[in-house]
Amino acid sequence: MTRPAILAIAVFLGLSAAAPVQAQDNSCRWANDGECDEARYGGTGACHSGTDANDCRGAAAAYQRLWAAVPDEIRARLGDDTCRWAHDLECDDPRYGGTGACDPGTDASDCRAMAMGGDESCRWARDGECDEPGIGTGLCASGSDTSDCRAIAFLRNRSDTCELAFNGVCDEPSTGTGHCPANTDTADCMGRVRPGTARDHFFGHDDRVRIDVTQMPWRAVGLVQLVDGSCTGVLIGPRLVATAAHCLIGDDGVQIKALRFRAGAHGADEQGRAGIAGYALSPDYTRDEAPPNGGNGDDWALLTLDSDLGLEVGFVPPMILAKDDIEAVHEGRFRVSQAGYSWDTGAFLSGHLDCRVLTAYRDGSLIHDCDTTRGDSGSPILHQRDGEWRLLAVDSQFFAPQPPHPGMSSAHLAVDTRAFAEALRGAGALTD
């Protein structure tokens, strides 16, 4: 599941909270283009600190005013921005409810608002949409969009990455058995009800379960490991994996190198792995979102492995929606199941079994109500035909809200096999 690339917009103005460093020159190649490109001032990050002075002058002044309002004792505790994850908008200092990825006192910029108890300093505050990292769009720094994020703030920096998540027992310390680290067993310890305004809203309720990767068809689902990051994919032939095109294209439009496919990944274990020898993307793929039925069926990719992994662990043949299938969709009775490596479950497979396809557009895309989120990009939407699991679609993106859930923050769009039937036939994965 993806969303449009976003710019950092609320970060610190220097390397140290105590002594901010001022921009000094315009040596960056993108200087004087009318856009601040220094990450420390909330810019795009295309320029190094101190090299886009003219474009960042107004932003620097604004953040100086923000920091002037921080009491000296809080400023001293915040420390500096020496953590490798500084300037990414997400507070990583555990003292302020951060992720814990940074040592205390090394992520000052991203934690300023949290240390102050939250504020409305983000330019998108009070627009009706939560824009903080993790629980929202990610356009605002942690704690800087307080009003819009109030209903879902309890989910900040929480996950289901514990291996025991989704077992119906709270296994976190203090409130549970202690078998899981703190904040890693959210569904069991916090409940499954989710506000409709949450980006990972799950249509008001998180219905995911932990999936047994030793069984088919789930052992054919795996992690597509990239040079930077990962997505989900599924084996559909001896050497063929289906996933989403956007996983393989960076924000700059350059293709990302795909390294390997881990079938049935479960933490550090797996059912099997193979290298990725090459891949083919839809020739018409673009990151631009089209209106419903307006051309969103191009977010697909086929990966070629360097060995017959599908013969070793199994694979799921694709299917094409038939006329009676479309009728079942219109009548609300076309059932599917999904499984993927969600951002909040890490290398443990979770899935939503027995969900529905709500709408099938003619452009080869469909809307479903399976509980997918970031990390599930490329994950399979599966349907049972004649007792056999078949691949129907790969998960694509958050989409504009659609019936029957117009009150949710977004709908979930997938690209079905009608969109890449010819490529499947050419690869020998589709014969009917």
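The values are calculated or read from the model by the stated rules, or taken from the named source; none is laboratory data. Keep in mind that this is a model prediction, so the values were computed, not measured. A quick note on method: Cβ atoms are made from the backbone with ideal geometry, for glycine too, and the neighbour counts reach across all protein chains shown.
Miscellaneous remarks
- Only one entry of Ser396, Ser377 meets the criterion of being among the polar types (S, T, N, Q), in a strand (DSSP E or B) and crowded, with 24+ Cβ neighbours inside 10 Å, and that entry is Ser396.
- The set of residues in region 53-104 that are of a type in the set (Phe, Trp, Tyr) and either modelled with pLDDT of 90 or more or touching an Asp or Glu at 6+ places or on another chain (Cβ under 7 Å) (or both) comprises Trp85, Tyr96.
- Exactly one residue out of Ser159, Ser142, Ser174 is part of a loop (DSSP other than H, G, I, E, B), touching a Pro at 6+ places or on another chain (Cβ under 8 Å) and among the polar types (S, T, N, Q): that is Ser142.
- Phe166 under 18 Å from the mean Cα position of the chain (by Cα), closer than 22 Å to Ser350 by Cα and buried (at least 20 other Cβ atoms within 10 Å of the Cβ): no
- Residue among Pro406, Pro401 that is on the phi < 0 side of the Ramachandran plot, touching a strand residue (DSSP E or B) at 6+ places or on another chain (Cβ under 6 Å) and not assigned by TED's automatic domain parsing to the domain that holds Asp288: Pro401
- For region 295-305, the tally of residues that are of a type in the set (A, V, I, L, M) and assigned to a loop (DSSP other than H, G, I, E, B) stands at 0.
- Checking each residue in region 73-96 for being assigned to a helix (DSSP H, G or I) and of a type in the set (Lys, Arg) picks out Arg75, Arg77, Arg95.
- Strands (runs of 3 or more DSSP E) fully within region 211-294 counting 2 or more residues that are buried (at least 18 other Cβ atoms within 10 Å of the Cβ), without any contact (Cβ under 8 Å) to a residue 60 or more places away in the chain and of a type in the set (Gly, Ala, Ser): 258-263, 272-281
- Verdict on Thr197 being in contact (Cβ under 8 Å) with a residue 24 or more places away in the chain and surrounded by fewer than 22 Cβ atoms within 10 Å (Cβ to Cβ): yes
- Test: Arg333 is at pLDDT 95 or above, in a loop (DSSP other than H, G, I, E, B) and either in contact with a Lys or Arg (Cβ under 9 Å, 6 or more places away or on another chain) or under 21 Å from Arg425 (Cβ atoms) (or both): yes
- Yes/no for Ala411 being without any contact (Cβ under 8 Å) to a residue 60 or more places away in the chain, buried (at least 20 other Cβ atoms within 10 Å of the Cβ), out of contact with any Leu (no Cβ under 7 Å at 6 or more places or on another chain) and not charged (D, E, K, R): yes
- The one condition in (1) in the same structural domain as Tyr63 (by TED's automatic domain parsing); (2) buried (at least 20 other Cβ atoms within 10 Å of the Cβ); (3) modelled with pLDDT under 95 that Ala151 fails to fulfil: (2)
- Checked against the criteria, Gly222 does not count as at positive phi and either of a type in the set (Gly, Ala, Ser) or over 18 Å from the mean Cα position of the chain (by Cα) (or both).
- When the criteria are applied in full, Arg390 fails the requirement of being crowded, with 18+ Cβ neighbours inside 10 Å, under 18 Å from Thr243 (Cβ atoms) and out of contact with any strand residue (DSSP E or B) (no Cβ under 7 Å at 6 or more places or on another chain).
- One residue stands out among those in region 41-62 that are under 28 Å from the mean Cα position of the chain (by Cα) and outside any loop (DSSP other than H, G, I, E, B): the one that is nearest to Asp88 (Cα to Cα), which is Tyr41.
- Hits in region 255-279 - residues which are among the hydrophobic types (A, V, I, L, M, F, W, C) and within 19 Å of the chain's Cα centre (by Cα): Ile256, Ala258, Phe261, Ala265
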